[in-house]
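**Q** My structure is below; once you've seen it, I'll send some questions.
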Amino acid sequence: MAPDPHPQSHIPVLAVIVLHKRVPSQSESVCSLVQILKANPGLEKSFSVIIYDNSPQHQDCEVAANFPVSVLYKHDPTNLGLATAYNFALGKACENQHEWLLLLDQDTPVTYGFLTELIACAKTLRLQPQVGAIVPKLLVDGKIYSPLAHFVDHLRHQYRRSNHAVSRQIVGLQEGRLSAYNSGAALRVPALRAIGGFPQEYWLDYLDHAVFHALFVRGYRMYVLRAEIKHDASQAVMGHVPAWRQRNVLSAQSRFVQQTGNILDRLLYRIWLLRYSISLWIRHPDRHLWKEALLKAVSLNGRTDRPPTSHRISDA
């Protein structure tokens, strides 16, 4: 009989929590994970944790002593973005033979129901290598925002009155192409290796779209959990997003459409940009942005702006 490739002593999930200018003890993700794992000794056997800190200064990580599981604190003052942090965690996951990499923003509190369902599904899906991702439903103000339609499919149906997210009834393996937010997504380590890891060209924005697209193209599919967790989308409020970040979103978005869409999709994206420029004109305080969106609709180049290092991540 062949040896079990997933022995019971193996820790299947490596969780990486990316911080920026927030003490670990003040991170909703860190605190909720500590609390749940300490209260559930059986669950703690399934997790290891990396706290990847993009803050300018090394921060007190006393909270690591409270974790009932193995914790690695990594300080990176160069703050090169999410892709760098995730690729570091992916390297550790490969080195230590973790099967799943769980991505968490600093402000996404996890729940007991989410973690237990995730582990149960990871065990069930061991013999289904085509499943490349396990994701919860992320709620913003009570509405599901993730998983959601592939952005190109969103463009093709942009006149529908919908946020293009899945319904509460959607559970299980999905054959169609979908995207999901980074935070809360558990990605299969061999699948990530198959697509070359997290692409540095999407160093911050649209990284999740690019990864889920690459997984789908390689034949991997998404499993949607019943679990719902709250997500802080305050940075998505248009008037609160810094101008450099809004520019970077648009640049990464145009790059993504160029890489994944056809000629008609790029035309539809130009129409989308024209409509979006009106929203920028009405709602964003930087009066240059709406003009830049109009110019992008004409030029449609995919260059992603790099702001000063100290400002590169504000929501991870």
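**Q** Starting from the range 37-62, take each residue that is hydroxyl-bearing (Ser, Thr, Tyr) and list its partners that are surrounded by fewer than 18 Cβ atoms within 10 Å (Cβ to Cβ) and not in a loop (DSSP other than H, G, I, E, B), counting only C-beta distances under 6 angstrom and pairs at least six apart or across chains.
**A** Within 6 Å, the pairs are Tyr52/Lys74.
**Q** Open to solvent by less than 30 Å² (accessible area, probe 1.4 Å), at pLDDT below 95 and of a type in the set (Gly, Ala, Ser) - does that describe any residue in the range 191-209?
**A** No.
**Q** Any residue at all in the range 236-257 that is in a helix (DSSP H, G or I), under 26 Å from Leu215 (Cα atoms), of a type in the set (Gly, Ala, Ser) and out of contact with any helix residue (DSSP H, G or I) (no Cβ under 9 Å at 6 or more places or on another chain)?
**A** Yes - at least one qualifying residue is present in the range 236-257.
**Q** Something else now. Of the residues in the range 15-28, how many are more than 15 Å from the chain's Cα centre (by Cα) and not charged (D, E, K, R)?
**A** The number of residues fulfilling the criteria is 6.
**Q** Follow-up. Looking at the range 174-222, which of its residues are part of a strand (DSSP E or B) and in contact with a Phe, Trp or Tyr (Cβ under 9 Å, 6 or more places away or on another chain)?
**A** Hits for the range 174-222 are Gln174, Leu178, Ser179, Ala186, Leu187, Arg188, Met222.
**Q** Val152 passes all but one of (1) open to solvent by 20 Å² or more (accessible area, probe 1.4 Å); (2) under 19 Å from the mean Cα position of the chain (by Cα); (3) in contact (Cβ under 8 Å) with a residue 24 or more places away in the chain; which number fails?
**A** With respect to (1) open to solvent by 20 Å² or more (accessible area, probe 1.4 Å); (2) under 19 Å from the mean Cα position of the chain (by Cα); (3) in contact (Cβ under 8 Å) with a residue 24 or more places away in the chain, Val152 is out only on (1).
**Q** Applying the selection to the range 263-295, what residues are surrounded by 17 or more Cβ atoms within 10 Å (Cβ to Cβ) and of a type in the set (Phe, Trp, Tyr)?
**A** The answer is Tyr269, Trp272, Tyr276, Trp290.
**Q** Within the range 165-190, which residues are on the phi > 0 side of the Ramachandran plot and surrounded by fewer than 18 Cβ atoms within 10 Å (Cβ to Cβ)?
**A** Across the range 165-190, the qualifying residue is only Gly172.
**Q** Okay, next question. Only one of these conditions is not met by Val257: (1) open to solvent by less than 10 Å² (accessible area, probe 1.4 Å); (2) under 15 Å from Leu82 (Cα atoms); (3) more than 16 Å from the chain's Cα centre (by Cα). Which number is it?
**A** Condition (2) is where Val257 drops out.
**Q** May I ask you to list pairs of residues, at least six apart or on different chains, whose Cβ atoms are under 9 Å apart, with the first in the range 63-80 being without any contact (Cβ under 8 Å) to a residue 60 or more places away in the chain and within 10 Å of Ile50 (Cβ to Cβ) and the second being of a type in the set (A, V, I, L, M, F, W, C) and open to solvent by 50 Å² or more (accessible area, probe 1.4 Å)?
**A** These pairs meet every condition: Ser70/Ile11; Val71/Ala65; Lys74/Phe88.
The values are calculated or read from the model by the stated rules, or taken from the named source; none is laboratory data. Nothing here was measured: the structure is a model prediction, and the numbers come from that model. As a convention, Cβ positions derive from the backbone with ideal geometry for all residues, glycine included, and neighbour counts pool all protein chains shown. The accessibility values were calculated without ligands, DNA or RNA, using every heavy atom of the protein model including side chains. Shrake-Rupley method; radii C 1.70, N 1.55, O 1.52, S 1.80 Å.
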